[in-house]
Structure formats: structure tokens, C-alpha cells
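Visitor: Here it is: the structure, laid out below.
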């Protein structure tokens, strides 16, 4: 499980998820149709350099190197996006009860602030449970270590790692001043160096003081922290309804969407005719993270309020697809 081109037939994984957690395929189709019909830009919408935290990656990861890789030809691939097909290669539908599947999920644990002065201590499983068809990550007001709050940060590292693909997360987000849920990707091997050199892909971020505003963004050596590249937009009812947040990760670009509506494309060729790792470190395997932070440089930028605790982040499913055409194009020997 978790190789660059790992494939498996997941019986029934493409079937409609009608669990009590979500509202099923009909609701997802309705949300997608509404998004298409109301596609005019909201006053808060738009591509910009996001005012994001300085170091979302947190503590140093293993196998990081101090010397970045050399520049190289990233874009020697020819394909037509419209002709690509997608096959489901990994998923968790959360159609079971109890602890998250240990064959798919591990935990980042601790209360160091995670590079952003966050207030929570991440536990190993105590704050994450699968029930009623959903993964539920709960932040609580309770003492752990030197922290007054607990939460969870789940990772697929070395259990699910991929190079290129389409990742979808269907989720309902918590609300409240100080909350900071996220779904994102980090490099597994950190071959280009410590954060931000090896990159970060934020599929979804939301902060409680900016309710119903979603941020999708990219961090790398050139654009990171408060100067990351991405988009923020208004999406009504993110804490009342489930929405599908996704990224299409291709060999030369990243395409972000919500409920099937494309919101932002990161194309390094907009910034250089010959991009190096500084613009495009996204040619190495990465893994998924799901977490609920509290406070911190961004989540707590306008204060915190714990009067409503505990607070929950619901994930209906996580799905990873890969394109056989892209896999064949880059070859089995690709990094």
C-alpha cells in the first residue's frame, strides 16, 4: 500500500455513499449544479497571494536534506487533459465503526505549536473516531502536556503516498473563533529540503473568523507563508453541509476545485520558462493530512473562543484517483 503507482481494485468504492454522515450523491450533484449556476465571483473571491501562516508544515520531518535539488526539465510530457481517464486507487469511505483504519492512517503527535504557535496537543487516536459513516476529528478543552486543548492530525505517510493524481475529500467543517481545519499534502521524502523547499499543497483550509471562506493554495521555495499562491472564495454553508474539496495534480500544474467547480490553477510556467524545484517541487511522492488546529498565527489571528467546545470536523470520504495515461507517460522509473 502507498507506492507511487500502487493500484488495487476496491470493490464497491465507487458506489454512492448514503451513510448517515453525508447526504449522498444527490446532494453532491445539487451542490455542483448550484456552484455552476452561481459561478459569478463573490466579492471575497479571487486569486491572490494569501496571508497564510509562515510554516504550515510544522516540525522538521525525517529524511530532510539541507541542500535543495538541482533544476531539471519538469515539462517534457505531452498529454491532453480532456483525454485522461481516472481510476480509483485508494479510498477510505469510513463505512465502519471505531478507530480509523490503521492500515491507512497514522498520527502526528505533540504540542509544539507546529510551526504556527497553535494551541492544541495532537493525540494518537484519542480525538479521532469513525462513527455513523464519518471520520470525526474532535477538538476539546482538556489538558495534555503543556497544552489546554487536544485534537488530532491524521496522516497517510508510508501507508498511502502518491505521485500525481486526483484527491477528493468530502467534508463538513467546524465553525467558531479559533478553529482551523485543513486537508492537505506534504512530501514524504523531503528530497528538495526542509519546508517550504519540498512543497505543500493545501486542498482545503478554513479559519473560524472568516466563516464560509475557503482557501486552496500552494507553498514552495518561491512562494510560501504569507506569499503563497492560491485562491480564497466564499462557499455558503461549509459548516452546515458537506462539500467536496479536490486537487488534480498533473505533471505540470495543479488544479483546485470545490463541488466540481474549478477555482484555481497553479501553473509554474506563468512564472518561468524553465521552472526549477523552487517553483515546482511537486514531482515527488506526497501523502495526505487531515487535521483540526486551534488558534495559531492564522487560526487565532483575531482571537479564540473555547466556550463552544468540543468542536467536530466531519470527513465523509477520502478518495485518490490516478490516470493510467499519466502513469504510462512518466514511466515506472519516475521518482
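Visitor: Sort out for me the Cα centre separation of the range 101-121 from the range 203-258, rounded to whole Å.
Guide: 20
Visitor: Note the full-extension length gain between residue 328 and residue 308 as 0.36 nm times their separation in residues minus their Cα-Cα distance, in nm to one decimal. Before the final figure, lay out the partial values.
Guide: On the way: separation 20, 0.36 × 20 = 7.20 nm, distance 5.04 nm.
This chain segment gains 2.2 nm when fully extended.
Visitor: Additional query: Need the full-extension length gain, residue 131 to residue 85, defined as separation in residues times 0.36 nm minus the C-alpha distance. One decimal, nm. Write down the numbers at each step before the final one.
Guide: On the way: separation 46, 0.36 × 46 = 16.56 nm, distance 3.27 nm.
Here the segment from residue 131 to residue 85 would lengthen by 13.3 nm.
Visitor: What is the calculated FRET efficiency for residue 252 to residue 143, with r their C-beta to C-beta distance and R₀ = 51 Å, to the nearest 0.05? Don't skip to the answer; put the middle values down first.
Guide: On the way: r = 48 Å, r/R0 = 0.94.
Once rounded, the FRET efficiency stands at 0.60.
Visitor: Report the label-to-label distance for residue 96 and residue 236 in nanometres (one decimal), using points 7 Å from each Cα along the Cα→Cβ vector.
Guide: The two pseudo-label positions are separated by 3.9 nm.
Every number here is computed from the coordinates shown, using simple stated rules; none is lab data. Note that the structure is a prediction, hence the values are computed from the model and not measured. Here Cβ is always computed from backbone atoms with ideal geometry, including for glycine, and neighbour counts include all displayed protein chains.
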